[in-house]
1. Can you divide the C-alpha Rg of the stretch 21-99 by 2.2 N^0.38 Å and report the result to two decimal places?
2. Which of K55/K93; K71/K109; K28/K71; K28/K109; K27/K71; K27/K93 have a Cα-Cα distance over 20 Å?
3. Whole-Hz Karplus ³J(HN,Hα) for the stretch 53-64, in order, using 6.51 cos²θ - 1.76 cosθ + 1.60 and θ = phi - 60°, x for Gly and Pro?
4. Quick one: 3J(HN,Hα) in Hz for the stretch 78-89, Karplus 6.51/-1.76/1.60 with θ = phi - 60°, rounded, Gly and Pro as x.
5. What full-extension length gain, to one decimal in nm, is calculated for T100 and T115 as 0.36 nm per residue of separation minus the Cα-Cα distance?
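Each reported figure results from applying straightforward, stated rules to the coordinates on display, with no laboratory input. If you're wondering where the values come from, they're calculated on a predicted model, not measured in any experiment.
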Amino acid sequence: MKYIVFSFGVLLLLSSCFFSKPSTEIKKIKYRIINNTSLNFTNVSIFSNQIGTIKAYDTIGYAVTNYDSLKHDPLFYGIYDEVNYARYLLLPKTNNERVTYSIDSIANKIIYISTK
């Protein structure tokens, strides 16, 4: 019985080494932010990276971040009129894919951001 358990353990270990799934975690994200509102946001950060200020109807050009899910939050954060706004963002499906985050509106102290 010991040999069967030992053999099964070795077989399981070897199969995990040879037949591991390829990593699908996103490493690099190319993103831009479009502000489709008449509001100015300060202290803006995205993926834990400081952006600064985004003015009304402004577009931030494409930027690249090396995304690590253990270090970075898929989060937009900004301040308008002394109110903190935050929203989780959809991550792109593939590595190196361009994604646009569009600030659409604020209603009832909730910020609405679409992903394209």
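1. Rounded to two decimals, the normalised Rg is 1.16.
2. Violating the 20 Å Cα-Cα cut-off are K55/K93; K71/K109; K28/K109.
3. So the Karplus estimates, Gly and Pro as x, are 10, 10, 7, 4, 6, 9, 10, 8, x, 4, 10, 10 Hz.
4. Working through the residues one at a time gives x, 10, 9, 6, 6, 10, 7, 10, 9, 8, 6, 10 Hz.
5. Here the segment from T100 to T115 would lengthen by 4.8 nm.
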